[in-house]
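First comes the structure, then the notes that go with it.
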Amino acid sequence: MTLIKTDKKFHIQSPDFEAGYNGQGPNSLEEPVPNFQSRPGDGVLSATGFEPGVDNNTIIIFGRDRDPFRPTKEGIKEKPGNNPLEIETVSGYSDYMGAGAIDIIVGRGAPFPVSGVKDYPNNLPPLYLTKTDDNLKKIPLRDGEFHTRYLMDAARIYISQMCDIDEYFALKQVDSLNVDQGPSSAIIMKADRLRMHSRRDIKIIAGGDKGTEYDSNGFRINEVGNIHLIAGNGTLGQQQPIPLGNNLVSCLNDILKSIQSTLSLLDNFMRAQKEVNAVVAKHVHATGPGATTLNPLVEAVCFNADLTFAQDQVQLAFHKKNNIQAIVGNYLTDGGANYINSYYTTTT
């Protein structure tokens, strides 16, 4: 059996929960919450700082840029511990000026957070990516189940003044021409599902402010801003540019007009050639008082040519009537089964 989190309102036996602190009526809900692995200078805000002081596994960290599990470009990596001489708190660009960060998290240690259990990493740093820990498989949950060994932060908004956001969150790199690589300010939202809902319209704009050429870290903006829609975080294949629909329709229509004209010219040629063949095949030469007989070789060649032309004309008529009309109806007509334009998305 696999534990489904929503089958019951608790995932671990808890005396407080069972005693009535279950979020119902006038009672708050008590649940296991991992401690946050903070660093010097962090301002950590959670519900424990307010009445009645219940931690709902929600937290806001006012700190500095952070990437806890990867070494920096200087080879420095976070190393927690109890010995002040051995610990290392530098990560990301935290030891640079102008690298403040705000991290808003709900559901640390999801999907089954526990606390106060041996071998469980009670002091968790930010989990930008899902981690696994085989020691967690020893931790009992409800109904005779054990921990799935997966750890993640359920949802977050991370804001950094200086970071390498795609590297931190293992986001697909997009091959683009003339795009500067380097640290930048960034905002990322990550959760099981994301929604942006506007009752009017939504604009997604990439590029610097008009009349400016520098970003917030002083780098010159040399490229036109790009917008990338990435499904599957790159597992579905290489990114391709989205066509300008109206232009593409015009282009294909022009191509089809050209093909139509070519087919008409070819059809006219075949008709004319058949008339010539008919004259040539029946042509006789006067050699005296009477006409000569028809040339059987010319007559046979013309007959075969006329037969081929007749077959080709049938094919031409089929292409003009069926194939081209099918392309127009299927791809280039609003409402067609494979209309090439998005109904809901535009791009420039």
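The values are calculated or read from the model by the stated rules, or taken from the named source; none is laboratory data. All values reported here derive from a predicted model rather than from experimental measurement. In this analysis, Cβ positions are derived from the backbone assuming ideal geometry, glycine residues included, and neighbour counts consider all displayed protein chains.
Report yes if Phe62 is under 21 Å from Met189 (Cβ atoms), of a type outside the set (Val, Ile, Thr), modelled with pLDDT of 90 or more and in a loop (DSSP other than H, G, I, E, B), otherwise no. Working first, answer last.
Values: under 21 Å from Met189 (Cβ atoms): yes; of a type outside the set (Val, Ile, Thr): yes; modelled with pLDDT of 90 or more: yes; in a loop (DSSP other than H, G, I, E, B): no.
No; evaluated as a whole, the condition is false for this residue.
Looking at the structure I just gave you, is Lys210 of a type in the set (D, E, K, R) and part of a helix (DSSP H, G or I)? First the steps, then the outcome.
On the way: of a type in the set (D, E, K, R): yes; part of a helix (DSSP H, G or I): no.
Spelling it out, it is not the case that Lys210 is of a type in the set (D, E, K, R) and part of a helix (DSSP H, G or I).
Given the criteria of a type in the set (A, V, I, L, M, F, W, C), modelled with pLDDT of 90 or more, closer than 30 Å to Val224 by Cβ and part of a loop (DSSP other than H, G, I, E, B), does Leu171 qualify? Let's see the steps before the verdict.
Values: of a type in the set (A, V, I, L, M, F, W, C): yes; modelled with pLDDT of 90 or more: yes; closer than 30 Å to Val224 by Cβ: yes; part of a loop (DSSP other than H, G, I, E, B): yes.
Answer is yes for this residue.
List, please: which pairs have Cβ atoms under 6 Å, are six or more places apart or on different chains, and start with a residue in region 5-17 that is outside the structural domain of Ser115 (by TED's automatic domain parsing) and end with one that is small (Gly, Ala, Ser)?
none
Six or more apart or on different chains, Cβ atoms under 6 Å: show the pairs whose first residue is in region 217-235 and assigned by TED's automatic domain parsing to the domain that holds Gln181 and surrounded by 11 or more Cβ atoms within 10 Å (Cβ to Cβ) and whose second is outside any loop (DSSP other than H, G, I, E, B) and basic (Lys, Arg).
Here the result reads none, with nothing in region 217-235 linked to a residue that is outside any loop (DSSP other than H, G, I, E, B) and basic (Lys, Arg).
Restricting the search to region 51-94, which residues are aromatic (Phe, Trp, Tyr) and closer than 26 Å to Ser115 by Cα?
Keep residues of region 51-94 that are aromatic (Phe, Trp, Tyr), which gives 62, 69, 93.
Within region 51-94, Phe62, Phe69 meet the criteria.
Out of the residues in region 102-152 meeting the condition of being among the hydroxyl-bearing types (Ser, Thr, Tyr) and surrounded by fewer than 20 Cβ atoms within 10 Å (Cβ to Cβ), tell me which one is farthest from Asn35 (Cα to Cα). Spell out how you get there, then give the answer.
Going residue by residue through region 102-152, those that are among the hydroxyl-bearing types (Ser, Thr, Tyr) are 115, 120, 128, 130, 132, 148, 150.
Applying the additional criterion that residues be surrounded by fewer than 20 Cβ atoms within 10 Å (Cβ to Cβ) yields 115, 130, 132, 148, 150.
Values: Ser115: 8, Thr130: 18, Thr132: 18, Thr148: 20, Tyr150: 17 Å.
Restricting to residues being among the hydroxyl-bearing types (Ser, Thr, Tyr) and surrounded by fewer than 20 Cβ atoms within 10 Å (Cβ to Cβ), the top hit is Thr148.
In the set Tyr128, Tyr93, which member is over 15 Å from Ile61 (Cβ atoms), assigned by TED's automatic domain parsing to the domain that holds Phe17 and either assigned to a loop (DSSP other than H, G, I, E, B) or touching a residue at least 60 places away in the same chain (Cβ under 8 Å) (or both)?
Numbers: Tyr128 fails: over 15 Å from Ile61 (Cβ atoms).
When all the criteria are applied, what remains is Tyr93.
Out of the residues in region 14-50 that are loosely packed, with under 11 Cβ neighbours inside 10 Å and closer than 19 Å to Gly116 by Cβ, state the one that is farthest from the chain's Cα centre (by Cα). Can you show your working first?
Our first condition is that a residue be loosely packed, with under 11 Cβ neighbours inside 10 Å; within region 14-50, this holds for 15, 19, 24-26, 40, 43, 49-50.
Still in the running and closer than 19 Å to Gly116 by Cβ: 15, 19.
On the way: Pro15: 44, Ala19: 46 Å.
This residue is Ala19.
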